[in-house]
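Enquirer: Next up is a structure, given as C-alpha coordinates.
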(Lines give C-alpha, C1' and ligand atoms only; values in the text may rest on other atoms or scores of the structure.)
Protein backbone atom coordinates (compact mmCIF):
# COMPACT_ATOMS: atom_id res chain seq x y z
CA UNK A 1 0.00 0.00 0.00
CA UNK A 2 1.46 3.39 -1.06
CA UNK A 3 0.97 5.83 1.81
CA UNK A 4 1.15 9.59 1.25
CA UNK A 5 1.15 12.61 3.51
CA UNK A 6 -1.09 15.13 1.80
CA UNK A 7 -3.56 17.96 2.32
CA UNK A 8 -7.32 17.42 2.47
CA UNK A 9 -9.34 20.55 1.68
CA UNK A 10 -12.01 21.81 4.03
CA UNK A 11 -13.74 25.18 4.33
CA UNK A 12 -16.22 27.07 2.22
CA UNK A 13 -15.92 28.34 -1.30
CA UNK A 14 -13.04 30.84 -1.57
CA UNK A 15 -12.00 30.27 2.06
CA UNK A 16 -9.78 27.20 2.09
CA UNK A 17 -8.71 25.35 5.20
CA UNK A 18 -6.64 22.17 5.05
CA UNK A 19 -5.95 19.10 7.15
CA UNK A 20 -2.62 17.36 6.74
CA UNK A 21 -3.47 13.68 6.65
CA UNK A 22 -1.88 10.30 6.01
CA UNK A 23 -3.85 8.45 3.34
CA UNK A 24 -3.58 5.64 0.85
CA UNK A 25 -2.54 7.22 -2.46
CA UNK A 26 -5.44 5.51 -4.26
CA UNK A 27 -8.12 7.24 -2.12
CA UNK A 28 -9.78 10.51 -3.10
CA UNK A 29 -8.31 13.83 -1.94
CA UNK A 30 -11.03 14.41 0.66
CA UNK A 31 -11.84 10.73 1.08
CA UNK A 32 -10.85 8.11 3.60
CA UNK A 33 -7.61 8.76 5.48
CA UNK A 34 -5.54 6.83 8.02
CA UNK A 35 -4.60 9.59 10.47
CA UNK A 36 -5.00 13.35 10.88
CA UNK A 37 -1.59 14.99 11.47
CA UNK A 38 -2.60 18.63 11.83
CA UNK A 39 -4.07 21.69 10.13
CA UNK A 40 -2.98 24.44 7.75
CA UNK A 41 -4.82 27.77 7.45
CA UNK A 42 -3.42 29.83 4.54
CA UNK A 43 -5.82 32.76 5.07
CA UNK A 44 -4.32 33.91 8.37
CA UNK A 45 -1.46 36.37 8.19
CA UNK A 46 1.06 34.73 8.53
CA UNK A 47 -0.30 31.35 7.47
CA UNK A 48 -0.93 29.07 10.45
CA UNK A 49 0.41 25.51 10.51
CA UNK A 50 -0.27 23.22 13.47
CA UNK A 51 1.23 19.72 13.31
CA UNK A 52 1.77 16.76 15.61
CA UNK A 53 5.51 16.54 14.88
CA UNK A 54 5.98 13.17 16.60
CA UNK A 55 3.38 11.50 14.38
CA UNK A 56 4.77 13.18 11.25
CA UNK A 57 8.24 11.83 12.10
CA UNK A 58 6.76 8.38 12.71
CA UNK A 59 5.01 8.28 9.33
CA UNK A 60 8.08 9.56 7.51
CA UNK A 61 10.10 6.87 9.30
CA UNK A 62 7.84 4.05 8.12
CA UNK A 63 7.98 5.19 4.50
CA UNK A 64 5.13 7.62 3.90
CA UNK A 65 6.02 10.06 1.12
CA UNK A 66 4.78 13.66 1.30
CA UNK A 67 3.27 15.35 -1.73
CA UNK A 68 5.04 18.44 -3.11
CA UNK A 69 2.83 20.89 -1.18
CA UNK A 70 3.03 18.87 2.04
CA UNK A 71 6.83 18.67 1.66
CA UNK A 72 7.06 22.47 1.36
CA UNK A 73 5.02 22.91 4.54
CA UNK A 74 7.14 20.35 6.40
CA UNK A 75 10.30 22.17 5.28
CA UNK A 76 8.86 25.50 6.50
CA UNK A 77 8.07 23.91 9.86
CA UNK A 78 11.61 22.48 10.10
CA UNK A 79 10.62 18.82 10.11
CA UNK A 80 12.26 18.01 6.77
CA UNK A 81 15.45 19.35 5.24
CA UNK A 82 15.10 21.18 1.96
CA UNK A 83 16.05 19.22 -1.15
CA UNK A 84 18.86 20.77 -3.16
CA UNK A 85 17.81 22.05 -6.57
CA UNK A 86 18.77 19.77 -9.45
CA UNK A 87 18.48 21.26 -12.91
CA UNK A 88 16.47 19.15 -15.34
CA UNK A 89 18.39 17.38 -18.08
CA UNK A 90 17.93 18.75 -21.59
CA UNK A 91 15.78 16.57 -23.81
CA UNK A 92 17.46 14.68 -26.63
CA UNK A 93 15.84 15.77 -29.83
CA UNK A 94 15.44 13.28 -32.69
CA UNK A 95 17.25 14.14 -35.90
CA UNK A 96 15.43 16.44 -38.26
CA UNK A 97 13.39 14.82 -41.05
CA UNK A 98 15.63 16.42 -43.71
CA UNK A 99 18.66 14.66 -42.29
CA UNK A 100 16.90 11.32 -42.61
CA UNK A 101 15.95 12.05 -46.23
CA UNK A 102 19.50 13.11 -47.10
CA UNK A 103 20.93 9.95 -45.53
CA UNK A 104 18.48 7.83 -47.53
CA UNK A 105 19.45 9.61 -50.77
CA UNK A 106 23.15 9.12 -50.07
CA UNK A 107 22.69 5.39 -49.40
CA UNK A 108 20.75 4.87 -52.64
CA UNK A 109 23.42 6.76 -54.60
CA UNK A 110 26.11 4.51 -53.09
CA UNK A 111 24.16 1.40 -54.05
CA UNK A 112 23.64 2.68 -57.61
CA UNK A 113 27.31 3.61 -57.91
CA UNK A 114 28.43 0.14 -56.84
CA UNK A 115 25.99 -1.50 -59.28
CA UNK A 116 27.20 0.62 -62.20
CA UNK A 117 30.84 -0.08 -61.31
CA UNK A 118 30.15 -3.83 -61.41
CA UNK A 119 28.48 -3.62 -64.80
CA UNK A 120 31.35 -1.57 -66.25
CA UNK A 121 33.96 -4.11 -65.04
CA UNK A 122 31.95 -6.98 -66.54
CA UNK A 123 31.63 -5.20 -69.86
CA UNK A 124 35.38 -4.54 -70.08
CA UNK A 125 36.20 -8.16 -69.36
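The values are calculated or read from the model by the stated rules, or taken from the named source; none is laboratory data. None of the values given here were measured: they were computed from a predicted structure. Positions of Cβ are backbone-derived with ideal geometry, glycine not excepted, and every protein chain shown enters the neighbour counts.
Enquirer: Go through (1) assigned to a strand (DSSP E or B); (2) surrounded by fewer than 13 Cβ atoms within 10 Å (Cβ to Cβ); (3) under 23 Å from the mean Cα position of the chain (by Cα) and name the single condition residue 50 misses.
Expert: (3)
Enquirer: While we're on this one: Under 7 Å between Cβ atoms, at least 6 apart or on separate chains: pull out the pairs that start in region 82-98 with a residue that is under 30 Å from residue 67 (Cβ atoms) and not assigned by TED's automatic domain parsing to the domain that holds residue 70 and end on any residue that is surrounded by 10 or more Cβ atoms within 10 Å (Cβ to Cβ) and at pLDDT 85 or above.
Expert: 82/75
Enquirer: Turning to a different aspect of this structure: Residue check, residue 43 against (1) in contact (Cβ under 8 Å) with a residue 12 or more places away in the chain; (2) farther than 18 Å from residue 11 by Cβ, all met but one. Which one?
Expert: Going through (1) in contact (Cβ under 8 Å) with a residue 12 or more places away in the chain; (2) farther than 18 Å from residue 11 by Cβ one by one, residue 43 breaks only (2).
Enquirer: Look at residue 73 and say whether it is part of a helix (DSSP H, G or I) and either in the same structural domain as residue 18 (by TED's automatic domain parsing) or modelled with pLDDT of 60 or more (or both).
Expert: yes
Enquirer: Still on this structure: Could you check region 6-24 and list, in sequence order, the residues that are in contact (Cβ under 8 Å) with a residue 24 or more places away in the chain and under 25 Å from the mean Cα position of the chain (by Cα)?
Expert: 6, 7, 8, 18, 20, 22
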